[in-house]
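The block underneath contains the structure these notes are about, expressed in C-alpha cells.
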There are 2 protein chains.
Amino acid sequence: MTRIHDDPERFAATALDGFCRLHPRHVQRVAGGAVRAAETRSAKVALVIGGGSGHYPAFLGYVGPGLGDAAVCGDVFASPSTQGIARIGRLADRGMGVVFGFGNYAGDVLNFGAAAERLRGEGIDARILAVVDDLASAGPDERRKRRGVAGDVAVFKIAGAAAETGADIDEVLRLAERANERTVSLGVAFAGCTLPGAKEPLFTVPKGQMGVGLGIHGEPGVSEEPAASASDLAALLVDKLLAERPDGWNGRAAAILNGLGATKYEELFVLWTHVADQLAEAGVTLVEPEAGELVTSLDMAGCSLTLTFLDDELEPLWLAPCDAAAMRRGATIETSPAAPVRDEAEAARAFPAASEASREGAARILAHLGAIAAMLREKEHELGQLDALAGDGDHGQGMRRGATAALEAAERAAGAGAGARSLLEEAADAWADRAGGTSGAIWGLLLRGWAAKLSDEAEPGDADVAAGAREARDRVMRLGRAQVGDKTLVDALVPFVETLARGIEAGEPLAAAWRRAADAATQAAEATAPMTPRLGRARPLAARSIGHPDAGAVSLALCASVVADRLERQRTD
Amino acid sequence: MTRIHDDPERFAATALDGFCRLHPRHVQRVAGGAVRAAETRSAKVALVIGGGSGHYPAFLGYVGPGLGDAAVCGDVFASPSTQGIARIGRLADRGMGVVFGFGNYAGDVLNFGAAAERLRGEGIDARILAVVDDLASAGPDERRKRRGVAGDVAVFKIAGAAAETGADIDEVLRLAERANERTVSLGVAFAGCTLPGAKEPLFTVPKGQMGVGLGIHGEPGVSEEPAASASDLAALLVDKLLAERPDGWNGRAAAILNGLGATKYEELFVLWTHVADQLAEAGVTLVEPEAGELVTSLDMAGCSLTLTFLDDELEPLWLAPCDAAAMRRGATIETSPAAPVRDEAEAARAFPAASEASREGAARILAHLGAIAAMLREKEHELGQLDALAGDGDHGQGMRRGATAALEAAERAAGAGAGARSLLEEAADAWADRAGGTSGAIWGLLLRGWAAKLSDEAEPGDADVAAGAREARDRVMRLGRAQVGDKTLVDALVPFVETLARGIEAGEPLAAAWRRAADAATQAAEATAPMTPRLGRARPLAARSIGHPDAGAVSLALCASVVADRLERQRTD
C-alpha cells in the first residue's frame, strides 16, 4: 500500500515537486507538470505526454531530449484538467505544433481532446495521440477502443525521436500512429494497489490467482486464472501478442517487459529468459528490449509484455538516442570492447600424482563423507526448523546441499586417482560452492584447513589428522571472526578439536579420541544459547525469548558423531 | 510476495541469465556473475562487487564503465561462494589488482575475505572493501561492525570512478575507504518481503508501525514506531544522519533516497521534498542526489536515506561519468539550455467590459452556483458511496471540489465586474481544473458550452438559457463520446435539456420549465442501470450483480433540482 504521504489530496502535486527538484538537468517545474530543461533544437514539434499520476516513470520520467518535451500530471489515476493540458501545451509549443500523447482513457481523451481544440482555436496546431496497445481491453476489430498501458513508452519513444529530427507535425503524427498501430501489450495482475490515504486496495485478486488483462487501474481483464509458472506465463503473453503480428512484418520487434510496482526486477529477469526463448523460437529478432518498471501502478503486483512490430521506418526511431530521467539511449562514456573472458569455471581439474597409501586414505575420507551426506539428508528438515528459530531456516538445506556436492566431488576425485589431500580439497570447494552462505563457507574453510595437513604422497596418519583439525579450527576462527561463546559452530568445533588432538597426542587410538571429541562437541552444541540478540530481534517473539542450540554447532556435532560411529565399526570389524 | 519463478532454487541463477541477455552492451555472463562487456582502459584496478541476489539494481546494475568491473551473485540473500568470487576476481583482474566491494555481512565478509586470500596466494593483489553505512546496526564507536545498505552505491560509485582514473590499488582503496568512512544510512521498513517459493514473508512489521533501522534482510532495527507522516519521517532520517557529520566537513553531500521494493517512486518524491527542505535548512548543499530503487530487498516495503559527506577528493568521483545498466552519469545527447518558460498559470484574467444587465445575470448565476456548491458539500459522502459501487468512489469528492472552485472563481469574476458569459466561463474552467478526472472535464465542457450562448453585454434571457443548454449537451456528447443509455451523466442531461428547451420555446416560465426538466433528469438518473459490465468486472462481486443509478447522472439531477428550488423561491418571493 501507499504509506508515505502528508495530505493525500496533495500527494500527486508534491510528488511532482519532488521529482522536479531531483532532476533539474531534465525538467523545469510548471503548474501541473514539467517542461524540458534542455533543448536539442530551437524549432521542432512538441511532444507533450501525460495522464494521471501514480504511474512513474510515466510520464515525468520520459521528458528530455529525444523523448517528451513536457509532461502534464493529473491527480493519482485521474486525468489532468483541460486547462492544465492547454497551458503546458502553450508552454511547450515552439512554432511547429504540439502532439499530445496519452493512454486511451475516457478522462484523458476528453481533457487532451478539449485542450487540443482550445489550442487550435488559438492558432496552435495541436493533435492528439491516444495510445491503444492493451489487447485485453478490446478485440483487434476495435483497436481504437483499446486502453493504453506500457505501450505508451514505445509509442512515445518513437514519436519523440521523430519530433527530434525536425519533421513537421503531419510526419511526426504519421510515424507515431504507425508505431501505435503496431504496438500491442498484455498484462497480468496478482494484487491491487492502494491509493494514498485509502485503507483498502483499489481492487483485489483472489490469492493464488492472476487477473489476465487486468488494467493498470484495476479495469477488468479477460479472465482470472491460477497464477502460472514463469514459463507458462511467458507462453501466455507471447502467444497472445504474436497472434496480432501484422502481415508482411520483417520479424524485428521492440519489447518491453514491464513491472507494475511490486513485481520486482529479478522476477522480470526470470520471466525474460522464457519470453526471449519463446520469441526466438517464433523467429522474432529483438531490438534493444527493455525490462523493468516503465509504467507502474503505485505498488500493484503484476507485469505486462509489450511488442512493437518494427519496420525500416520505426526501428531507427526506437534506437535513436534519448536522455530522460527514466530512459536513456546512447553511451555516456567512450569504450572499446572488453577482452573476451576465458571462464574456466567448468574446466576439470587434473590431480597431482598420488601414492597408493594416500589414495587409500582418500577412500576412507570418501566413506566418511558418504556417511555425513546421508545423515544430513535425513536431518535436513530438523536442522532447518532449528535454524528457523534464530535465522532464516536454510541451514538444513545448505548442509544437505554442501555435503552432497562434497561427496560427488570426492567421488569424481577418487575416480581420477586423487590423493587424500586433493580429494579433501575438492570436497571442501564443492561444499562451499553449492551450500553457499556462511555455513557453506565455514565448512569449506574447515575441510580445506584439514586438507592442508594431509598430502598426496604419505598415508595420512593420526598425527596428521590432529594437525589438520587444529589448522581447520584456526582458519575458521580467523576468517570467520568467531570466538567460543559467539553461539556459532566454533562453540562445538573448539572442544572437538581440543579433545581430538590432545587424545591423539596422548597416544589414544583415533576412534576413541574421535568419540570423546564428538561427545564434547555434542555437549557444547546443546549448551549453545539462543541466536545472538541482534539476529533474534527481527524474528517472531517465540524465537527471541527462549533458548535453542545453535544449528551450526549442532550440525558439526552430528557430523563428528557419524564419523565416530564409522571409526568404531571399523575398529570392531 | 515473489510470485514469478520456476524452481525457486534456480531463481537467482535464472535472474542472472535474464539480466545478462537484456544488457549485452553492459555485461557478459560468466559462471556466478557477470563481467563488463566494454572497457575504457586496458590496465586498471578491477572493482568486483557482489553479494546475495534479490537486491537489484545491486549488484548487476552497477557493472559498467566508471563503476564496477564485475559482479558476483549469490543465491537470494545468500553470499556468493569463495570459489565463485575468486573465479570472477581472476577474470576481472587486469594486472593492477582487484578490490572486492560488498556490504558488511558475515557470509560476505567470510567469502570475499577467503577469496581475496586465495587470489593473493596466486599472486593477484586482492583487497576487500566492506561497506559499513547502516548506522542502526552499530554505534559510531563501532562503525566497522555496521551493515552495508544503500551506501553501497555511493561507495562503489566513488571506488569505480577512482579505479577508472588508472590510480593504483592503494589509492583506489584509500579513496573508497574514505567514502565508506563518510557514508551513513538509515532506513525504515513497513512490511517484509517473501523469498521465491516461500509462503510467508521473511519478517513482518505490525500494521501501522514502522521498523526503524530494520535491515534489508529483516535484521533487527533500533525501534518500532507508529508509521510517520512524510515530513516526520524525513526529520527522523535527516536528524539521525546529520548527527554523524564529520568535523571540518564542507557542507556538501551526496544523497540517496532509496526505495526497498514496494515503496514506490511518487512516495519517494513526496518524501524527498521534505528531506531536501530539511537538509537545506541544516545548511547542506546537495550534489547530484538520487531517489529511486537503488538497493532493493525483493518486494520489501520501506525506504532509506543515505548521505555521503563529500570533500574535494570525493565530489569529483561522485560526479564522474559512468554507464551501467542502473546508473548513468553524463549526457548522451548534446543540448543547450531550454528557453525559460513564462508560466502564466497564476496570471489573473482581465474581463471584457460588461453591461449592467449582464452583470445582474452574472449575479444570478453566482447565486445558483452557491446553492449547487452547498448541496454538493452536503452530498459528497453519499455520492462517493454510490460511485464506489461502480467506480473508484471519488465522484463525490470531485464534484465537491469542482463546485467549490467554480463558486470561488465566479465570486472573483463577479468582484472584477465580469459579465454573465465571462463569469460562467471562469466557473467552468475552475470546476474542471480542480475537480479533475472525467466528471470534472464534463462539467467544464457543460458550463463552457452553456456560457457560449450568453454574452457580457445583453441580459441573459430565457431563450439564451435554452440555447445554452442545447450547446452544453452537444459539446458534452461530442467530446465525451457518450450516448443516452451509456449509463453516464448524459442519460440525465439529455431529458433535462429537451424538457427545459422545449418548455421555454413553448413559452413556459423558466422556473416551471426548469422544474419539469429537473424532475425528468431525476427520473432518468434513478433509471440508470448498474455500471457498464466492463467497469464492473474488477469490482467487488456485490457491485457487479445488482443495479445502481449512475453517480454522474444523479449528481446532475441533484444540481438541476437545487436550481429549480431557487428559481421557484425567486418567483414566489
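Do we have any residue at all in the stretch A:198-211 that's closer than 25 Å to A:Gly61 by Cα and either within 27 Å of the chain's Cα centre (by Cα) or modelled with pLDDT under 95 (or both)? So far as the stretch A:198-211 goes, yes, one or more of its residues are closer than 25 Å to A:Gly61 by Cα and either within 27 Å of the chain's Cα centre (by Cα) or modelled with pLDDT under 95 (or both). The set of residues in the stretch A:440-465 that are of a type outside the set (A, V, I, L, M), open to solvent by less than 30 Å² (accessible area, probe 1.4 Å) and assigned to a loop (DSSP other than H, G, I, E, B) comprises A:Asp456, A:Pro460, A:Gly461. Taken residue by residue, the stretch B:40-49 has no member that is over 22 Å from B:Ala163 (Cβ atoms), facing chain A (nearest Cβ under 10 Å) and either touching a helix residue (DSSP H, G or I) at 6+ places or on another chain (Cβ under 8 Å) or at pLDDT below 95 (or both). For B:Ala416, only one of the following conditions fails: (1) in contact with a helix residue (DSSP H, G or I) (Cβ under 6 Å, 6 or more places away or on another chain); (2) open to solvent by 10 Å² or more (accessible area, probe 1.4 Å); (3) not charged (D, E, K, R). What is its number? The one condition B:Ala416 does not meet is (1). For the stretch A:313-340, a residue qualifies if it is among the acidic types (Asp, Glu) and more than 7 Å from every other protein chain (Cβ to nearest Cβ), and the qualifying residues are A:Glu313, A:Glu315, A:Glu334.
Which one is nearest to the other protein chains (Cβ to nearest Cβ), of the residues in the stretch A:69-82 that are in a strand (DSSP E or B) and more than 23 Å from B:Arg478 (Cα to Cα)? Here the answer is A:Asp75. Please determine whether any residue of the stretch B:292-312 is open to solvent by 10 Å² or more (accessible area, probe 1.4 Å), more than 12 Å from every other protein chain (Cβ to nearest Cβ), touching a residue at least 60 places away in the same chain (Cβ under 8 Å) and not in a strand (DSSP E or B). Scanning the stretch B:292-312, I find at least one residue that is open to solvent by 10 Å² or more (accessible area, probe 1.4 Å), more than 12 Å from every other protein chain (Cβ to nearest Cβ), touching a residue at least 60 places away in the same chain (Cβ under 8 Å) and not in a strand (DSSP E or B), so the answer is yes. If only residues of the stretch A:124-146 that are modelled with pLDDT under 95 and either within 25 Å of A:Gln83 (Cα to Cα) or outside any loop (DSSP other than H, G, I, E, B) (or both) are counted, the one that is least open to solvent (accessible area, probe 1.4 Å) is A:Arg143.
Within the stretch A:478-528, restricting attention to residues that are touching a Pro at 6+ places or on another chain (Cβ under 7 Å) and surrounded by fewer than 22 Cβ atoms within 10 Å (Cβ to Cβ), the residue that is farthest from the other protein chains (Cβ to nearest Cβ) is A:Ala520. Residues of the stretch A:83-106 that are open to solvent by 10 Å² or more (accessible area, probe 1.4 Å) and either facing another protein chain (nearest Cβ under 9 Å) or β-branched (Val, Ile, Thr) (or both): A:Gln83, A:Arg87, A:Arg90, A:Leu91, A:Arg94, A:Tyr105, A:Ala106. For the stretch B:60-69, does any single residue satisfy the condition of being surrounded by fewer than 22 Cβ atoms within 10 Å (Cβ to Cβ) and of a type outside the set (Gly, Ala, Ser)? Checked against the condition, which is being surrounded by fewer than 22 Cβ atoms within 10 Å (Cβ to Cβ) and of a type outside the set (Gly, Ala, Ser), the stretch B:60-69 yields no hits at all.
When the stretch A:361-407 is limited to residues that are in contact (Cβ under 8 Å) with a residue 24 or more places away in the chain and outside any helix (DSSP H, G or I), the one that is nearest to A:Ala463 (Cα to Cα) turns out to be A:Asp394. The set of residues in the stretch A:156-170 that are closer than 15 Å to A:Gly95 by Cβ and not in a helix (DSSP H, G or I) comprises A:Gly166, A:Ala167, A:Asp168.
Give A:Val205, A:Val188 a once-over and let me know the one that is assigned to a strand (DSSP E or B) and within 11 Å of another protein chain (Cβ to nearest Cβ). That would be A:Val188, the only listed residue that is assigned to a strand (DSSP E or B) and within 11 Å of another protein chain (Cβ to nearest Cβ). For B:Asp433, the test of being of a type in the set (Asp, Glu), out of contact with any strand residue (DSSP E or B) (no Cβ under 8 Å at 6 or more places or on another chain), surrounded by 23 or more Cβ atoms within 10 Å (Cβ to Cβ) and in a helix (DSSP H, G or I) is passed. Which residue, of B:Asp429, B:Asp433, B:Asp392, is facing chain A (nearest Cβ under 8 Å), more than 25 Å from the chain's Cα centre (by Cα) and not aromatic (Phe, Trp, Tyr)? The conditions single out B:Asp429. Taking first residues from the stretch A:200-226 that are in the same structural domain as A:Val295 (by the TED database) and partners that are exposed (fewer than 15 other Cβ atoms within 10 Å of the Cβ) and of a type in the set (Ser, Thr, Tyr), the Cβ contacts under 6 Å between residues at least 6 apart in sequence or on separate chains come to A:Val212/A:Ser223. Within the stretch A:17-39, the set of residues being open to solvent by less than 10 Å² (accessible area, probe 1.4 Å), at the interface with chain B (Cβ under 8 Å from one of its Cβ atoms) and in contact with a Gly (Cβ under 7 Å, 6 or more places away or on another chain) comprises A:Arg36 only. Selection of the stretch B:229-284 for residues being open to solvent by 30 Å² or more (accessible area, probe 1.4 Å), away from chain A (no Cβ under 13 Å) and part of a loop (DSSP other than H, G, I, E, B) yields B:Ala243, B:Glu244, B:Arg245, B:Pro246, B:Asp247, B:Gly248, B:Trp249, B:Asn250, B:Ala282, B:Gly283.
Looking at B:Ala367, B:Ala406, just one residue is in the same structural domain as B:Ala511 (by the TED database), among the hydrophobic types (A, V, I, L, M, F, W, C), open to solvent by less than 20 Å² (accessible area, probe 1.4 Å) and touching a helix residue (DSSP H, G or I) at 6+ places or on another chain (Cβ under 9 Å), and that residue is B:Ala406.
The values are calculated or read from the model by the stated rules, or taken from the named source; none is laboratory data. Source: prediction; values computed, not measured. As a convention, Cβ positions derive from the backbone with ideal geometry for all residues, glycine included, and neighbour counts pool all protein chains shown. For the accessible areas, the whole protein counts, side chains as well, though only heavy atoms, and no ligand, DNA or RNA atoms are used. Shrake-Rupley method; radii C 1.70, N 1.55, O 1.52, S 1.80 Å.
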